[in-house]
Amino acid sequence: MKKKVIAFALAAATALSLAACDGTAESTPPAENTPEAVGKITYADTIAWDGEYDVVVVGFGGAGSVASITAADAGASVLLTEKAPEGHEGGNTRYCGQVIVYGEDYETIRAHYEGLNAGRSTPSVMLDTYAAGISQIPDIVANITGLPKDEFVLDRRTIQQGVVEYPELPGGDKMTMISAHETLSDAYIWNALRKQVLSRDNIDVWFESPGTKLIQDPVSRTILGVTIDRKGESVNIRAKNGVVLACGGFENNAEMVENYLGLLAAHPLGTTYNTGDGIKMAMEVGAKLWHMRNSESMFTTFGFAVPQGERSANLPKAYFSKGSIIWVGQDGSRYLPEDGTVRHGKVYHCGTYMHPHYADRTFAVYDQAHADLMKENDVIPSTVQVYQADTLEELAELTGMLPETLKRTVENFNTFAQTGEDMQLGRAAANMTAFSAAGPYYAVELEPVMLNTQGGPQRNENAQVLDVNDTPIPHLYTAGELGGIAACQYQAGGNLAECFIFGQIAGKNAAAPKNDELPVLTAVSGSMKYVPGTVSDVDKDATEINVGANEYVGVSHSGMGGDVTVKITMSDDKLAKVEVVSHNETPGISDPAIEQLPAAIVEANSTDVDSVSGASVTSKAIKEAVQDALSQVK
């Protein structure tokens, strides 16, 4: 790879920093026409910039590559910064099947994606933009990658079952997929994109340099640049025209996976560097999030359990969906049909394909005959822990399952296998074999796997990031899986299409010169109407009450709403009158006590009277206040 020299604006930044110091500003007059000289300081002038580009793109995957290429071809200087070390960049584009969804007719594509959306509220203009892009995918891919269009494979409907996943939806029979050449899952498109990025002199590439913070003008909300962890050094890079976040989702962030997807454990099938960095940066500048609950897997829902932070692999479903094997949750009960149709991690639920509701832990349980079959075909990697026990009860003890539940689950499954009908989950008769009556029995732990998450900052048709009021945040753009368009059901090849479609839009719009002026920082003074100690809505002092001869004021702090204040009048050492003069009790509930209790106390000449039913707290407070007033009688 050709080494590139980064031109840092250190001299300008140093001069600005020195000018900000009082002593330097007094001894060294500012140069003519500088912001200091004319008294016009913007927030951008308060940042010590370490470098300046027209566009900064965060994330060297498919979307980031397309955005960088497009911006560079528009004449912009581009910094493309990547979290992974060199050789590990590429995001999920590096690992995906290298196929892209395609359809020739815009109206058909539009109808199909409306159906995939399943009633979710994705703006129509977004579906319009996406469908228009899909209808032009061969040209878009050829123009950006430089790959010869006449070598594209334009119909991939037969490469494997389920590639066109929703034939029952409108337009499903017209959808297809393209790939750039005959072979699949070989990083072919990714390598073509990488080559195009590295061939452009106006794109600088940084590895091991994640973006950590967006620098935003506090008044106009304009994104001015990015703080980047440049191999351990925090640097501020100015982006004159725009910042593009293309750093993927959060599939390898355990906390986000738990909070947004509700999963205690899940593992990526693609890159391990997608940890939600773009989501956190966007949230800090007021971005609105969407599709946070949506994620994609492959044509199975599980993989083998692996340590946190490691890539998983698809479960070899042929050996886990038929025979004497079942899937059970942590209590030992079945909850998913082992041979059910899975569409990129979604399973059928009441008319829509949705994420399954996973148990906190899931195990595949099987007998000796099935263990022999899997051993013969080398199905289970040596790194996977296999539990073995002579009885189902002992196996349950080893794995933390409930012995009686696991035993009953296997008994029920054996009955289903013998009768040829799975009365619980509908597993096909041909896929069920009864467990042996004698052990040993085995279990391996399974965990959900993910290709990617879809959630992130919501973008509009111009790839601009929207704030919580649906207003674009100036100079901020996204592309790819960071805030992907899929709200519910997902069609294979859609994510890579989105990398090209919105990567191109983001790159073009980020590169466009901006004519907006940043607001000048100006000191202001207010009217100072709110003076401490004079404007509280709560009168902290006792209510000012006029008292005459033989009158006394008492207070209780035990009311339902705080203080209750009374005034008593004495005559010949007897109570002549009790009056509640101040309270914050609940209207309706306290009223009977306030109306009835003072007279009862006067009549008894004592606070030893019954409380008013339903207003016992207020009654107690009135008695305490009267007692406080009586304590002042001399």
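The values are calculated or read from the model by the stated rules, or taken from the named source; none is laboratory data. Model, not experiment: these values are computed from the prediction. Note: ideal-geometry Cβ built from the backbone for every residue, glycine included; neighbour counts use all protein chains shown. We work out accessible area using only protein heavy atoms, side chains counted, and drop any ligands, DNA or RNA first. Shrake-Rupley method; radii C 1.70, N 1.55, O 1.52, S 1.80 Å.
Accessible area per residue (1.4 Å probe, heavy atoms of protein chains only) ranks V99, V449 as V99, V449, with the largest value leading. Seen from V58, the other residues with C-beta closer than 10 Å to its C-beta sum to a net charge of -1, counting Lys and Arg as +1 and Asp and Glu as -1. With respect to the chain, whose longest principal axis is taken over its alpha-carbon atoms, helix 106-117 is tilted by about 50°. For E551, neighbours were defined as the other residues whose beta-carbon sits under 12 Å from its Cβ, and their charges (Lys and Arg +1, Asp and Glu -1) total +1.
Using the 1.4 Å probe convention, the accessible area of region 348-424 works out to 59 Å² per residue with neighbouring protein chains retained. Measuring between their Cα centroids, region 247-264 and region 307-361 lie 19 Å from each other.
For the chain, what % of the accessible area comes from carbon and sulfur atoms, probe 1.4 Å? Its accessible area is 49 percent carbon and sulfur atoms.
Placing +1 on each Lys and Arg Cβ and -1 on each Asp and Glu Cβ, with no other charges, gives the chain a dipole about its Cα centre of roughly 1440 debye.
Only lysines eight or more places from K514 in sequence, or on another chain, were considered; those with a Cα closer than 29 Å are K4, K40, K83, K213, K240, K280, K288. Return the whole-Å distance between the Cα centroid of region 464-513 and the Cα centroid of region 208-229. Here the answer is 18 Å between Cα centres. Can you find, among Y358, T415, T399, the residue sitting farthest towards the positive end of the charge dipole of region 354-435, where Lys and Arg contribute +1 and Asp and Glu -1 at Cβ? Farthest along the dipole direction, towards plus: Y358.
Once you sort the root eigenvalues of the Cα gyration tensor of region 176-292 as a ≥ b ≥ c, which label holds: rounded (a/c under 1.5), prolate (a/b larger than b/c) or oblate (the other case)? Because a/c hits 1.5 or more and a/b fails to exceed b/c, region 176-292 counts as oblate. Of the peptides 557-569, 230-242, the ranking by mean beta-carbon count within 10 Å, highest at the top, reads 557-569, 230-242.
Taking a ≥ b ≥ c as the square roots of the Cα gyration tensor eigenvalues, region 103-184 comes out oblate, since a/c reaches at least 1.5 and a/b does not exceed b/c. When the Cα convex hull of the chain is projected onto planes of every orientation, the mean area is 45.1 nm². Straight-line reach from K317: taking Cα to Cα under 16 Å and skipping same-chain neighbours fewer than 8 places apart, the lysines in range are K346, K375. Surface exposure of region 260-333, expressed per residue as accessible area with a 1.4 Å probe, stands at 35 Å². Counting Lys +1, Arg +1, Asp -1, Glu -1, what net charge surrounds N412 among other residues with beta carbon under 11 Å of its beta carbon? Every neighbour counted, the sum reads +1.
Taking 24 Å as the straight-line reach from the Cα of K567, the lysines in range (excluding those fewer than 8 positions away in the same chain) are K540, K577, K620, K623, K634. Taking a ≥ b ≥ c as the square roots of the eigenvalues of the Cα gyration tensor, region 467-527 is oblate, since a/c reaches 1.5 or more and a/b is not larger than b/c. Probing with 1.4 Å while keeping every protein chain in the model, the per residue accessible area of region 486-566 equals 61 Å².
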